[in-house]
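Contents: one structure, followed by commentary.
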Amino acid sequence: MRQFGLIGFPLTHSFSKKYFTQKFQDEVISDAVYELFELPEISSLPELLAQNPDLKGLNVTIPHKQSVILFLDEIDETAQKIGAVNVIRIANGRMKGFISDYLGFRESLRHFLPAEMKIKALILGTGGAAQAVKAALEELDIPYQTVSRSNQAGNLTYAQITPEIISEHQLIINTTPLGTFPEVKTAPPISYENLTSQHFLYDLVYNPEETQFLKNGREKGAKTKNGYEMLVLQAEAAWQIWNR
């Protein structure tokens, strides 16, 4: 029986196990199972692998997307560039890391934006998810500006976001965890009153279905989209990687 799974901590609201279990059932894939492996410390990974010799692939979520790289034998070029891994293929005793987050976001964004639309993006947040978003935007030739809570070279702070900046950047992407269940009333501190029907708000958060960030945008007429499709697309990309 081929074994796949997710490592991270905590995993109480995991999307992956439900998704892959349903996929295996729907597609009559009878030789595979998907499990959750809560790892508070990434240093426990070798022990996990030793205890589960049938593992053929892993998804990686917070807080291990960057620290897991030290345990890999090889890393895909895009994952190396982004500096994060969320998919590991295990074959012949070797582990290779990949990043499917950016693939999922790229394709989901293509579905969201009008074809050939000229647009600039604001990326809210500077963590690992933001790096995947940057890679996707670069592939799509969409200029972007990043926003962080503190002063960092090349980034704006939230306090520096003027109405003019909001007007110039019609695509606004939340890569922070703000608004995630159960903290559903939180949202990135931008001037939502300056949003218009010409804006597109994309939230990588998918639980709840409509975050406060998206609700604020919708109330101003903006088009909105959550991160669920991105999750599905990155999961399917992971499955392709494991089955190459």
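Remark: Ala130 matches the filter, which requires a residue to be in contact (Cβ under 8 Å) with a residue 24 or more places away in the chain and under 22 Å from Ala237 (Cα atoms).
In this structure, is Arg110 within 19 Å of Glu229 (Cα to Cα), surrounded by fewer than 18 Cβ atoms within 10 Å (Cβ to Cβ) and at pLDDT 95 or above? Yes: the conditions hold for Arg110. For Gln131, are the conditions met, namely being more than 25 Å from Thr196 (Cβ to Cβ), out of contact with any Leu (no Cβ under 6 Å at 6 or more places or on another chain) and assigned by TED's automatic domain parsing to the domain that holds Lys223? So Gln131 fits the description; yes. One residue stands out in segment 1-35 among those that are hydroxyl-bearing (Ser, Thr, Tyr) and in a loop (DSSP other than H, G, I, E, B): the one that is surrounded by the fewest Cβ atoms within 10 Å (Cβ to Cβ), namely Thr12. For segment 169-191, the count of residues that are without any contact (Cβ under 8 Å) to a residue 60 or more places away in the chain, surrounded by fewer than 22 Cβ atoms within 10 Å (Cβ to Cβ), assigned to a helix (DSSP H, G or I) and not assigned by TED's automatic domain parsing to the domain that holds Ile62 is zero.
Given the structure, is Lys118 out of contact with any strand residue (DSSP E or B) (no Cβ under 7 Å at 6 or more places or on another chain), in a helix (DSSP H, G or I) and at pLDDT below 95? Against the criterion (out of contact with any strand residue (DSSP E or B) (no Cβ under 7 Å at 6 or more places or on another chain), in a helix (DSSP H, G or I) and at pLDDT below 95), Lys118 does not qualify.
One line per residue, one yes/no per condition, for (1) surrounded by fewer than 17 Cβ atoms within 10 Å (Cβ to Cβ); (2) at pLDDT 95 or above; (3) touching a Pro at 6+ places or on another chain (Cβ under 7 Å):
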{"residue": "His64", "(1), (2), (3)": "no, no, no"}
{"residue": "Ile69", "(1), (2), (3)": "no, yes, no"}
{"residue": "Gly83", "(1), (2), (3)": "yes, no, no"}
{"residue": "Gly97", "(1), (2), (3)": "no, yes, no"}
{"residue": "Asp101", "(1), (2), (3)": "no, no, no"}
{"residue": "Ala132", "(1), (2), (3)": "no, no, no"}
{"residue": "Asn151", "(1), (2), (3)": "yes, no, no"}
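The values are calculated or read from the model by the stated rules, or taken from the named source; none is laboratory data. Predicted, not measured: the structure shown is a model, and the values here were computed from it. We place every Cβ from the backbone using ideal geometry, glycine too, and count neighbours over all the protein chains shown.
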